[in-house]
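> Input: one structure, supplied below.
The values are calculated or read from the model by the stated rules, or taken from the named source; none is laboratory data. Model, not experiment: these values are computed from the prediction. Heads up, the Cβs are rebuilt from the backbone with ideal geometry, glycines too, and the neighbour counts pull from every protein chain shown.
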Amino acid sequence: MDQCIQRAKEGFRELEQWARHQQPMDLVAAVAIVVLTSFLFVLLSCLRRRKSNTIVLAGLSGSGKTTLFYQLRDGSSHQGTVTSMEPNDDSFVLHSEADKGKGKPVHVVDVPGHSRLRPKIDDYLPQAAGLIFVVDALDFLPNCRAAAEYLYDILTKASVVKKKIPILIVCNKSDKVTAHSTEFIRKQLEKEIDKLRTSRTAISTADITNEYTLGVPGEAFTFSQCVNKITVAGSSALNGEVSQIEQFILEHVKP
Ligand SMILES: Nc1nc2c(ncn2[C@@H]2O[C@H](COP(=O)(O)OP(=O)(O)OP(=O)(O)O)[C@@H](O)[C@H]2O)c(=O)[nH]1
Ligand SMILES: [Mg+2]
């Protein structure tokens, strides 16, 4: 510590001596350059920190993303949705907010769950302020592995990890009595991701497309280990029980 202070003092003395030997104009120029550079640095970091207003809806086919999209936009589920063949992409004030006569527009993108269309998600992640991962809580067990695989792929993408995109796991279709609880779904997904972690790291490196690894080595995987903030909520997109989703959106988007 004393050594550091001594070095700092010496450095300061050298700087003082150097300054004494400079022309006043050179000093003004040097100070101006430092001030200008600092200003540009602050400006750039402020611009970079400005959040976008894009919310990405992802999840397996049939989980209820398109129903949720319409519920958020129009306050109704547009019953009779069919498997989406391309992303649904619109900017709107959340229906519940528009009712109150306030609100800022949100850009919501519903990415189809069909495996061939999923890569479209990469077009939207770089500007995402948040990601909503929709899970079918009714037909959960037969699809648990597939849902965990998709979620694992999302959680290991550089675009998601580097920007620490907040993620809300939505257990949809809670209107049905046989729907699984949010706690059950969270635990099952954690268990499946834990298994995936082991199997995927065992694959030869040439086959690995995941950009980041998950969790803490030697410990069972939990969402709390992720750098991204991950929360779990229940919803019924069909019946309009989407308040936790709206809260998540309002928390993470900026105009
Ligand atoms: N009971 C119930 N059914 C729902 C709910 N949300 C969606 N569904 C139904 O689930 C089915 C699939 O919903 P979609 O919104 O089309 O699913 P998706 O996630 O967009 O599917 P893809 O476009 O194939 O990726 C439809 O028959 C919906 O009516 C819900 O909250 N409760
Ligand atoms: Mg759809």
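> Are any residues in region 60-78 within 6 Å of ligand 1 (Cβ to nearest atom) and not hydroxyl-bearing (Ser, Thr, Tyr), and if so, which ones?
Within region 60-78, Gly62, Gly64, Lys65 qualify.
> Now, a different point. I need the full set of residues from region 221-244 which are closer than 13 Å to Gly75 by Cβ and within 13 Å of ligand 1 (Cβ to nearest atom), in order please.
Selection gives Ala237, Leu238, Asn239, Gly240, Glu241, Val242.
> Among the listed residues Thr83, Thr54, which satisfies the condition of being surrounded by fewer than 16 Cβ atoms within 10 Å (Cβ to Cβ), out of contact with any Lys or Arg (no Cβ under 9 Å at 6 or more places or on another chain) and either more than 17 Å from Gly240 (Cα to Cα) or outside the structural domain of Cys144 (by TED's automatic domain parsing) (or both)?
Step by step, each of Thr83, Thr54 is checked, and only Thr83 is surrounded by fewer than 16 Cβ atoms within 10 Å (Cβ to Cβ), out of contact with any Lys or Arg (no Cβ under 9 Å at 6 or more places or on another chain) and either more than 17 Å from Gly240 (Cα to Cα) or outside the structural domain of Cys144 (by TED's automatic domain parsing) (or both).
> Let me ask something additional. Scanning for something loosely packed, with under 10 Cβ neighbours inside 10 Å, modelled with pLDDT under 70 and in a helix (DSSP H, G or I), does region 20-30 turn up at least one residue?
Filtering region 20-30 down to residues loosely packed, with under 10 Cβ neighbours inside 10 Å leaves 20-21, 23-25.
The next check asks that each one be modelled with pLDDT under 70; those that pass are none.
Within region 20-30 (the criterion being loosely packed, with under 10 Cβ neighbours inside 10 Å, modelled with pLDDT under 70 and in a helix (DSSP H, G or I)), the answer is no, since none of the residues qualifies.
> Within region 75-101, restricting attention to residues that are assigned to a helix (DSSP H, G or I) and closer than 16 Å to Ser236 by Cβ, which residue is nearest to ligand 2 (Cβ to nearest atom)? Let's see the steps before the verdict.
At the first step, the residues of region 75-101 found to be assigned to a helix (DSSP H, G or I) are 95-99.
Next, from what is left, pick out any that are closer than 16 Å to Ser236 by Cβ: 95-96.
On the way: His95: 18, Ser96: 21 Å.
For region 75-101, the residue satisfying everything is His95.
> Just to be sure before I move on: is Ser63 touching a Gly at 6+ places or on another chain (Cβ under 8 Å), of a type in the set (Ser, Thr, Tyr), surrounded by 12 or more Cβ atoms within 10 Å (Cβ to Cβ) and at pLDDT 95 or above in the structure I sent?
When the stated conditions are applied, Ser63 passes them.
> Sort through Ala147, Ala129 and tell me the only one that's under 22 Å from the mean Cα position of the chain (by Cα), closer than 30 Å to Lys195 by Cβ and either assigned to a strand (DSSP E or B) or within 16 Å of ligand 2 (Cβ to nearest atom) (or both).
Going through Ala147, Ala129 in turn, just one is under 22 Å from the mean Cα position of the chain (by Cα), closer than 30 Å to Lys195 by Cβ and either assigned to a strand (DSSP E or B) or within 16 Å of ligand 2 (Cβ to nearest atom) (or both): Ala147.
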